[in-house]
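Undergrad: Quick one: the structure is below, questions incoming.
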Amino acid sequence: MKFLTRFAIPCLFLLFVFAEIGFSQSATKSKAAPPKSGTPASDSASKAQPKEAGDEEIPPVAPNALFPAVVAEVNGKPILGRDLEQLVRRQLAEIGDPEWNSLREEYRGQLVMSSLTSLISSKLIYQKAVASGMKATDAEVQAEMQRIAKNFKSDADMNVALANQHTDRATLERGLYQDLVIKKYVDENLNKKIVVTLEELQKYYSGHPTEFQHPDIVRTSHILIVPAGNTSEQDTLAKQRAEALLARVKKGEDFAKLARENSMDGSASQGGDVGFASKDALASEPEYAEAAFSLPVGGIQLVKTQYGYHILKVTEKKKEGLSTLQEVNNQLTDFLKNQKAEAEMTKLVNQLRDQSKVEILIPAGQPLK
């Protein structure tokens, strides 16, 4: 696999969308009612912060739930079965929503173990962040919630979606608060301290020459709008929103700014840039590939794929050849930073695990081993 498609394209369809989130454990944000107009910013920021799960009443087990109310405890704080089920079902949705009982027992165990490990790791980091004094304001939580609210026609529609996930706005706010606290802690204590040197870049580049050979490739940016559900009405709402954004782009508004404010995937923080990709790398999304390779540089088009509506912009094209280190400098730097960040995150979680009391309350093996 070549470098440009190996390290640039994965962010393209890394969705942070309402349909995927576990509400209380996702990095995706959703919306409760916005703050009342005229409320002073200082009042909003000084509101009592959402409590974590251990400070609230444990919710009753929903009918037909896969797991008990509490599936694990981390330093006495519970991991809810509801959150574990949401994470498990999110992964099952990616393979067609098979019936739980139809899955092989071994696969069910692996799925539970990996999902529970993720929840425990998040809890460990959150507890460490809180202990270090990290906080998020109510205004920050509300801002994140309002981003996803745009995908719902009304508050009622959002309430229905939350109810279908066996959760509510208060639970969602707690999850968003925890996500923000974790992100701040990781940014401050891990990401900001990671440095990639020129020597490291040169060493990797010279040591992996075949990874920098590439076929014809195209670099795109996009603004992804995802329907809030599977109904035709929700699809129409997403399409209308995408068409409105397309019109703004064509009138000359800054594409990157609109992407940061509206795109519903991980590329939003990069202004919609998803890097280079070959046609083969985009084979699973033929509509996107067709538009990307047929449009000229600077061309813009609205494209629908299985993920939603993409306002696609072609920013660069390259013929088959060998990329220079200068050409891949930014992408290679990000890749090596991500490698270091993953290693540091693993190290942190292992340290926190060794210092903490973690109890697994369901027969899922030892997910932290």
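The values are calculated or read from the model by the stated rules, or taken from the named source; none is laboratory data. Quick caveat: nothing in here was measured; it's all calculated off a predicted structure. No Cβ is skipped: glycine too gets one built from the backbone with ideal geometry, and neighbour counts run over all protein chains shown.
Every residue, every condition in (1) surrounded by fewer than 16 Cβ atoms within 10 Å (Cβ to Cβ); (2) in the same structural domain as Thr236 (by TED's automatic domain parsing); (3) farther than 19 Å from Arg241 by Cβ; (4) not hydrophobic (A, V, I, L, M, F, W, C), yes or no:
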| position | (1), (2), (3), (4) |
| --- | --- |
| Gly271 | no, yes, no, yes |
| Phe276 | no, yes, yes, no |
| Lys279 | no, yes, yes, yes |
| Leu282 | no, yes, yes, no |
| Glu285 | no, yes, yes, yes |
| Tyr288 | no, yes, no, yes |
| Gly299 | yes, yes, yes, yes |
| Tyr307 | no, yes, no, yes |
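Undergrad: Considering only residues that are of a type in the set (A, V, I, L, M) and in contact with a Ser or Thr (Cβ under 9 Å, 6 or more places away or on another chain), look in region 121-142 and name the one that is surrounded by the fewest Cβ atoms within 10 Å (Cβ to Cβ).
TA: It comes out as Ala139.
Undergrad: Something else about it: Of everything in region 75-117, what is among the polar types (S, T, N, Q) and buried (at least 16 other Cβ atoms within 10 Å of the Cβ)? Give them in sequence order.
TA: Gln86, Ser115, Thr117
Undergrad: For Ser356, are the conditions met, namely being in the same structural domain as Leu119 (by TED's automatic domain parsing) and of a type in the set (Gly, Ala, Ser)?
TA: yes
Undergrad: Still on this structure: Could you look through region 113-163, keep only residues that are β-branched (Val, Ile, Thr) and under 20 Å from the mean Cα position of the chain (by Cα), and pick out the one that is nearest to Val186 (Cα to Cα)?
TA: Once the filter is applied, the top-ranked residue is Ile125.
Undergrad: In addition: Would you point out which residue out of Asn330, Asn338 is under 28 Å from Leu190 (Cβ atoms), in contact with a helix residue (DSSP H, G or I) (Cβ under 9 Å, 6 or more places away or on another chain) and not aliphatic (A, V, I, L, M)?
TA: From the options Asn330, Asn338, the qualifying one is Asn338.
Undergrad: Look at region 210-229 and say how many of its residues are surrounded by fewer than 16 Cβ atoms within 10 Å (Cβ to Cβ) and either free of Cβ contacts under 8 Å to residues at least 60 places away in the same chain or among the basic types (Lys, Arg) (or both).
TA: The number of residues fulfilling the criteria is 0.
Undergrad: Next up: Any chance region 237-246 includes a residue that's in contact with a strand residue (DSSP E or B) (Cβ under 8 Å, 6 or more places away or on another chain), under 30 Å from Glu320 (Cβ atoms) and surrounded by fewer than 21 Cβ atoms within 10 Å (Cβ to Cβ)?
TA: For region 237-246, residues in contact with a strand residue (DSSP E or B) (Cβ under 8 Å, 6 or more places away or on another chain), under 30 Å from Glu320 (Cβ atoms) and surrounded by fewer than 21 Cβ atoms within 10 Å (Cβ to Cβ): absent.
Undergrad: Do we find that Lys192 is assigned to a helix (DSSP H, G or I) and either touching a Cys at 6+ places or on another chain (Cβ under 8 Å) or charged (D, E, K, R) (or both) in this structure?
TA: yes
Undergrad: At pLDDT 95 or above and crowded, with 16+ Cβ neighbours inside 10 Å: is that true of Leu201 in this structure?
TA: Yes; evaluated as a whole, the condition is true for this residue.
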